[in-house]
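Right, one structure below, let's go through it.
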Amino acid sequence: MYSDTQTAESAQDTTYPPQSEPSAEMMATTPGQHQVIRRNGKVTSFDPAKIEVAITKAFLAVEGGNAAASRRIHDIVKDLSAQVCDNLFRRAGTQGTTVHIEDIQDQVELVMMRGGHHKVARAYVLYREQQAQKRAAEAAEHGPAEAAEEPTLHVTRADGTRAPLDEQRLKAVVDEACEGIEHVEGERILKEARRNLFDGVAEKDVGTALVMAARVMIEQEPNYSEVTARLLMDNLRREALSFVSGRREEATHAELAQRYPEYFGAYIRRAAELELVDDELTRYDLDKLGAALKPERDLQFTYLGLQTLYDRYFIHSDGTRFELPQAFFMRVAMGLAINEIDREARAIEFYNLLSSFDFMSSTPTLFNSGTLRPQLSSCYLTSVPDDLDGIYGAIKDNALLSKFAGGLGNDWTRVRGMGAHIKGTNGKSQGVVPFLKVANDTAVAVNQGGKRKGAVCAYLETWHMDIEEFIELRKNTGDDRRRTHDMNSANWIPDLFMKRVAEDGQWTLFSPNETPDLHDLVGEEFEKRYCEYEEKAARGEIKVYKTLNAVDLWRKMLGMLFETGHPWMTFKDPCNLRSPQQHAGVVHSSNLCTEITLNTSDDEIAVCNLGSINLAAHVTDSGELDETKLEQTVNTAMRMLDNVIDYNYYSVPQARRANLRHRPVGLGIMGFQDALYKLRLPYASEEAVEFADVSMEAISWHAIKASTDLAEERGRYESFPGSLWSQGILPIDSIDKLAESRGDYLQMDRTRRMDWESLRERVKTTGMRNSNTMAIAPTATISNICGVSQSIEPTYQNLFVKSNLSGEFTVINPYLVHDLKDRGLWDEVMVNDLKYYDGSLQPLDRVPEDLKALYATAFELDTRWLVEAASRRQKWIDQAQSLNLYMAEPSGPKLDALYKLAWVRGLKTTYYLRSMGATHVEKSTVADSSRANKLNAVSGGPGDSTAGSDSAAACSVLDPDCEACQ
């Protein structure tokens with residue numbers, strides 16, 4: 001790959017302060033396990049004893065060598081050298097790694113400074129500088145003739161042969177990666193990469209060295225993220241082209257631009273031969289599709305986005321990825337267009353939308369479209385019956401859906417409570433909790449095809465006899481047989497309970513076998529029947545019940561939410577009273593991420609197909625919402641989502657039946673925070689709330705209109721007659737039904753701006769293709785692919801290290817950096833301060849107040865702004881939103897006020913409650929001993945989310961391995 005010559009450094013490495021003997025190399029842990037690259041490119045074994053010698057001589061040079069000092073120095077040196085080794089190799093595991101001598105010396109400096117040994121560190125720094133000047137002088141004195149005699153670096157190819165490192169190509173690849181990007185320096189990358197190259201380095205590791213060299217510069221300059229992605233693309237091109245052709249090949253971006261069409265056809269045919277894609281894809285006009293590819297879009301990725309695609313999405317054979325980005329998007333588009341009449345034209349239309357990042361399909365769709373088993377749906381909702389056959393049948397369905405599909409939401413309310421009579425055995429029930437334990441263990445045992453962990457959420461209504469035990473499922477204390485440490489849980493709360501809490505009333509718990517109709521009743525009908533059951537209980541006509549203060553149960557629910565992160569708060573009545581499908585059944589639960597609100601029954605497992613609009617891509621440079629572009633995006637996106645329904649693989653018949661009958665889809669958004677940055681609107685502002693309202697109204701209007709257009713072309717969905725749609729009741733109109741039931745307990749803005757009258761008439765006369773059209777999912781990974789903020793989330797931190805299955809990635813807010821540069825405030829000190837303050841601008845006096853407001857992070861916002869914005873969106877959405885709530889310092893009164901506000905503002909569901917955790921920025925380069933040990937990167941997941949502890953995590957922000965929705 002890389003051949004030619006490289007001038008090696010010949011000067012002797014002298015790494016100790018004055019008065020010390022020069023030594024070859026300093027370093028290592030186990031000899032032979034780790035290696036050190038010398039300045040001349042030669043590699044030697046890492047010897048940790050040399051670190052101790054070097055540090056000892058440094059101390060002796062400054063402090064002298066009397067007996068007392070020697071004993072003290074001995075203990076200090078042991079500790080400092082251990083820190084150096086740990087800093088160098090803590091991520092290497094047992095595989096070993098290679099480090100450059102300069103990196104070792106940097107770490108020696110760092111641990112001395114952190115330990116407060118400033119005089120010794122200063123002497124060490126001065127000595128290193130003297131030696132660097134000495135080497136430079138020697139190089140100038142000897143000139144290029146002697147340099148030419150120095151050894152040339154060689155690479156070792158896969159077949160074991162050696163070849164000179166091609167310095168010319170190395171430079172060409174870096175120059176191409178930096179082309180057109182401001183504030184980046186190719187020579188810096190080359191210099192850093194060369195430090196990690198040695199004679200005999202594996203050829204494949206040369207490209208990795210370039211990627212790693214650029215990657216470390218991202219925190220100083222976000223534009224290096226694009227450069228790093230382009231350098232990674234060079235590795236991808238080599239891997240894919242070589243596999244498809246069967247011989248060693250490589251190409252620059254410019255070269256591949258000419259070859260992409262040829263590669264694309266060969267890739268499809270090769271993937272079909274390996275039975276990785278459907279043979280039907282080979283029957284497309286591959287020349288036409290290949291010619292439609294846009295190679296320049298390979299250059300728009302951030303490093304996190306491209307690495308995520310490479311690690312998780314691209315088709316591979318025995319670990320070799322041979323699917324390049326534009327081929328990937330076209331493969332997904334071909335699957336979605338497979339049943340279209342003019343499928344080449346539609347595939348190109350779908351490809352253009354995906355590859356532009358204006359819209360992105362959900363993760364299951366990206367994984368499986370065009371493959372032999374196209375399971376493209378994101379989430380499934382089931383209702384568990386109250387008999388053994390039904391319970392274990394539901395758990396089996398969970399297993400099958402989890403194997404092939406996405407996230408699961410289970411309604412467990414029908415299962416009788418603890419102490420209830422079992423007619424068949426004349427015994428007493430152990431309640432719902434033991435079965436939840438089985439469901440939990442099933443989710444762990446059956447992951448999603450080896451690609452993702454199984455993920456499930458259990459829902460239980462607040463009047464269920466076992467609700468008090470249910471809310472304690474995630475506790476780490478108590479009987480472990482009645483705990484579900486891996487399963488999420490959510491309260492399914494009727495409005496009557498919230499009214500009783502507000503009015504400090506009593507609340508009665510029942511077993512559903514004695515009150516079976518409560519499960520299917522909502523609103524005023526539920527209230528009436530529930531009160532009748534309370535009267536029956538008072539007369540002794542109900543055997544299993546319990547009465548308690550509603551406020552006491554509410555406090556327990558909030559307490560467990562704070563302590564364990566579960567159960568989430570979701571509201572039964574707004575989900576049902578505003579559902580377009582009230583005539584066809586009852587919404588008994590939401591899904592894993594709380595944005596789906598579809599009917600379930602014994603005969604139907606609800607299915608939803610998701611995709612998200614990149615809202616930031618629809619805000620113009622002049623600061624306006626581009627409605628023309630938005631309409632085009634929505635029209636194509638809705639067609640893609642509708643196509644999923646017919647093309648989809650269903651692992652259980654109840655899911656197929658429900659999806660084909662109702663045809664629900666969930667069009668959502670991502671990049672909301674990016675859009676606000678482009679509009680120069682702080683998240684915590686009335687203007688941002690207004691934008692949430694305006695933008696969602698436009699999406700709602702165009703999504704409903706697009707569904708009517710599809711109905712005109714393809715026919716109405718089967719259960720359309722009798723729906724709210726058929727009555728001319730749109731999502732904005734359905735608020736009236738909730739208001740009738742709630743009375744004064746509903747406070748929602750009703751403002752509307754668009755022509756809803758004409759659309760209402762079109763819906764009534766033409767019909768709808770889809771029973772449901774909108775839902776805002778977390779977009780945990782697809783937003784990374786597109787390089788925008790996740791879903792409707794505020795910025796988590798302006799600088800942090802994100803950890804997921806693809807590795808660790810420095811994430812820095814590019815909008816902030818741009819503004820700081822404009823104000824002359826972006827420098828090394830600012831980077832250091834952002835690390836020190838966990839990405840916050842608030843403590844920095846030199847930052848203007850307008851920037852502090854614009855770039856306030858999630859925990860610096862008043863959480864009520866998130867609720868207000870969500871309320872404005874909810875009035876337009878026929879399903880729900882996955883809404884995380886952030887609170888830096890939760891307390892009982894704050895949580896009480898927050899969740900009551902969410903209910904009063906008409907929200908259907910909420911998701912994780914997140915509180916301030918430990919610092920999430922890698923601080924290894926922050927010279928401050930009091931905070932230097934806070935080295936944890938952002939990690940965690942739903943399984944260990946704890947709202948009141950440092951380990952708190954939320955799927956949409958931090959979860960490293962769950963993308964059950966998106």
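A short reminder: the numbers here are calculations on the coordinates, not readings from a lab. Model, not experiment: these values are computed from the prediction. FYI the Cβ positions are ideal-geometry reconstructions off the backbone, even for glycines, and counts take in every protein chain you see.
May I ask which of K705/K900; K50/K835; K572/K875; K475/K536; K705/K875 have a Cα-Cα span longer than 27 Å here?
On the way: K705/K900 34 Å; K50/K835 32 Å; K572/K875 16 Å; K475/K536 34 Å; K705/K875 17 Å.
Result: K705/K900; K50/K835; K475/K536 exceed 27 Å.
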Quiz item: Hey, with R₀ at 45 Å, roughly what FRET efficiency would T320 and Q430 work out to, going by the Cβ-Cβ distance, to 0.05?
Solution: 0.30
Quiz item: Candidates [x] 82, 35, 34; [y] 54, 34, 26; [z] 107, 42, 23; which is the computed semi-axes √(5λ) of the Cα gyration tensor in Å?
Solution: [y]
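Restricting to the chain, what percent of DSSP beta bridges are antiparallel, rounded to 5? Write out the running numbers ahead of the final one.
Numbers: 32 of 69 bridges.
For the chain, the DSSP antiparallel bridge percentage is about 45.
For the ranges 720-726, 564-570, 160-166, what's the packing order if you count other beta-carbon atoms within 10 Å of each residue, average per peptide, and put the highest first? Provide the component values of the computation, followed by the final result.
Working: 720-726: 19.4, 564-570: 24.6, 160-166: 14.1.
Ranked by mean Cβ neighbours within 10 Å, highest first: 564-570, 720-726, 160-166.
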Exercise. Please check the chain for the longest run free of GluC sites (Glu not before Pro) that are loop-located per DSSP (anything but H, G, I, E, B) and have at most 14 other Cβ atoms within 10 Å.
Key: 719-966
Quiz prompt | Pairwise centroid distance, computed over Cα atoms, of the stretch 195-253 with the stretch 354-433, Å | solution = 42 Å
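Provide the FRET efficiency to the nearest 0.05 for the L901-R555 pair, computing r from the beta carbons and using R0 = 22 Å. Walk me through the intermediate numbers first.
On the way: r = 17 Å, r/R0 = 0.76.
E(calc), rounded to 0.05, equals 0.85.
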Quiz item: When only Cα pairs under 8 Å and 6 or more residues apart are kept, what is the percent relative contact order across the chain?
Solution: 11 percent
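How long is the gain from D626 to K852 if the chain were fully straight, where each residue apart is worth 0.36 nm and the alpha carbon distance is subtracted? Before the final figure, lay out each step's value.
Values: separation 226, 0.36 × 226 = 81.36 nm, distance 2.76 nm.
Result for the pair: 78.6 nm of gain on full extension.
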Quiz item: Once phi is turned into ³J(HN,Hα) by the Karplus curve 6.51 cos²θ - 1.76 cosθ + 1.60 with θ = phi - 60°, what whole-Hz value does each residue of the stretch 696-707 show in order, with x for glycine and proline?
Solution: 6, 4, 5, 5, 4, 4, 6, 5, 5, 4, 4, 5
Quiz prompt | HN-Hα J in Hz across the stretch 412-417 - Karplus 6.51, -1.76, 1.60, θ = phi - 60°, x for Gly and Pro | solution = 9, 5, 6, 6, 4, x
Practice problem: Could you list which residues have their amide H under 5 Å from that of H316, counting only those 5 or more apart in sequence or on another chain, with H placed in the peptide plane? | Solution: none
Quiz prompt | Contour excess over end-to-end distance, with Cα ends at E535 and K294 and 0.36 nm allotted per residue | solution = 79.8 nm
Quiz prompt | Per residue, the convex hull volume that the Cα atoms of the stretch 162-356 enclose (Å³) | solution = 116 Å³
Quiz prompt | Residues Y380, Y392 arranged by fewest to most Cβ contacts within 10 Å | solution = Y392, Y380
Quiz prompt | Phi to ³J(HN,Hα) by Karplus 6.51 cos²θ - 1.76 cosθ + 1.60 over the stretch 362-379, Hz, x for Gly, Pro | solution = 6, 4, x, 5, 5, 4, 10, 5, x, 8, 5, 10, x, 8, 10, 6, 9, 8
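Starting from 0.36 nm per residue, how many nanometres of slack lie between D287 and D602 once their C-alpha separation is accounted for? Before the final figure, lay out each step's value.
On the way: separation 315, 0.36 × 315 = 113.40 nm, distance 4.77 nm.
Result: 108.6 nm gained on full extension.
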Quiz item: Distance in nm between label sites at A136 and D387, each 7 Å beyond Cα in the beta-carbon direction?
Solution: 8.6 nm
Exercise. Give me the angle, in degrees from 0 to 90, between the Cα long axis of helix 653-662 and the longest principal axis of the Cα atoms of the chain, rounded to the nearest 10.
Key: 70 degrees
Quiz item: If amide H atoms are built 1.01 Å from N in the plane of the peptide, which residues on other chains or at least 5 residues away come under 5 Å of the amide H of E461?
Solution: T413, W492
Quiz item: Using alpha-carbon positions, what is the distance between the centroids of the stretch 596-655 and the stretch 815-853, in Å?
Solution: 38 Å
Exercise. Distance from a point 7 Å along Cα→Cβ of R750 to each backbone N in the stretch 844-877: keep the residues under 19 Å and list them by number.
Key: 871-877
